[in-house]
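Since the structure comes first, as structure tokens, the remarks are kept for the end.
The values are calculated or read from the model by the stated rules, or taken from the named source; none is laboratory data. Fair warning: this is a prediction, and the values are worked out from it, not measured in the lab. Every residue, glycine among them, receives a Cβ derived from its backbone with ideal geometry; neighbour counts consider all protein chains shown.
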Amino acid sequence: MPDGNRECEMHKIYWFSGTGNTYYLAREFAGMFPDAELISIASLDRSEDVVFDSEMTGIFFPVYCFGIPGILSKFLDRIQPMEKQGDRFVYAICTSGGYPGAALPLVEDTLQSKNIDLNSCFHIRMVSNYIPLSEPPDEKRMEQIFSKAERALRIAAIAVKKRKRTRPLRVFPFDTFLKFVARRAVVTLESSDSAFHVESADCNGCGICSRICPASNISLDDSDHPVWHHHCEQCMACLQWCPAQAVQYKDLPKDRRHYHHPKVEAKELFRNPEE
């Protein structure tokens, strides 16, 4: 296909996001391409194969434990190998509150095992949203981070439009060690939801925690209070999006400020957007 028609090609963007940071960037990025289709990884049928059949395919995800989230790992495992990639362009954008670790090398390695080249990749720093370790920054600092992130996103979009090739940074043996640590750490997250609990007096039974959980890990009991089922992603969506701040984690102070991206609505992250 001629280069002049690149922007009119079919373009799929797969995304995973808990508090909206990554989704916001995926949504804004998609707006820079007239034909881009946003696809929630959490909403996909996990028994079905994934086929990269578009001229362009993007993957947006947050960094977890210096690696990739469990839901993304399972998504990558379901991707069907390509016989021949040809001109199909595959790229990835990861977000984190700091260092990207081994996330992009892990994606690249998994895709290579499917005979798929990761043609380009980027890391964009966003507001840290892992509440067990830190509170969000003040509004001024947050705006600075958002501003830098949006500039980085525009640079990434230009690179993808030009089909510029980039590779993830690898520093041997450090990256090998990080990949090992990341894989081991993510495995432990599924049962980590035992640390969540609900303040019954504060819970209003809205059910947002259940609808927004990307792992389908939360149901509501007879009192419309959340119950966790031990296949957690540790995305913190249930806690961060609770409008009553009834969902708590371990013994963290109840007045610790919560965070979700200010320009994203909870319903945009629901597994079933029609709910």
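Tabulated values for the structure
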| quantity | calculated |
| --- | --- |
| First in segment 70-89 and closer than 17 Å to residue 119 by Cα, second anywhere and part of a helix (DSSP H, G or I), Cβ under 6 Å, 6 or more apart | 76/110 |
| Check on residue 230, surrounded by 12 or more Cβ atoms within 10 Å (Cβ to Cβ), assigned by TED's automatic domain parsing to the domain that holds residue 205 and farther than 16 Å from residue 18 by Cβ | no |
| Check on residue 20, surrounded by fewer than 16 Cβ atoms within 10 Å (Cβ to Cβ), closer than 14 Å to residue 263 by Cβ and at pLDDT 95 or above | no |
| Members of segment 214-226 found to be surrounded by 15 or more Cβ atoms within 10 Å (Cβ to Cβ) and over 24 Å from residue 128 (Cα atoms), listed by number | 220, 225, 226 |
| Some residue of segment 126-144 being hydroxyl-bearing (Ser, Thr, Tyr), modelled with pLDDT of 85 or more and more than 20 Å from the chain's Cα centre (by Cα) | no |
| Selection count, segment 128-158, where residues are closer than 17 Å to residue 263 by Cα and in a helix (DSSP H, G or I) | 14 |
| Search result, residues across segment 44-64 that are among the polar types (S, T, N, Q), surrounded by fewer than 20 Cβ atoms within 10 Å (Cβ to Cβ) and modelled with pLDDT of 95 or more | 54 |
| Filter result (in contact with a helix residue (DSSP H, G or I) (Cβ under 9 Å, 6 or more places away or on another chain) and at positive phi) within segment 94-132 | 101 |
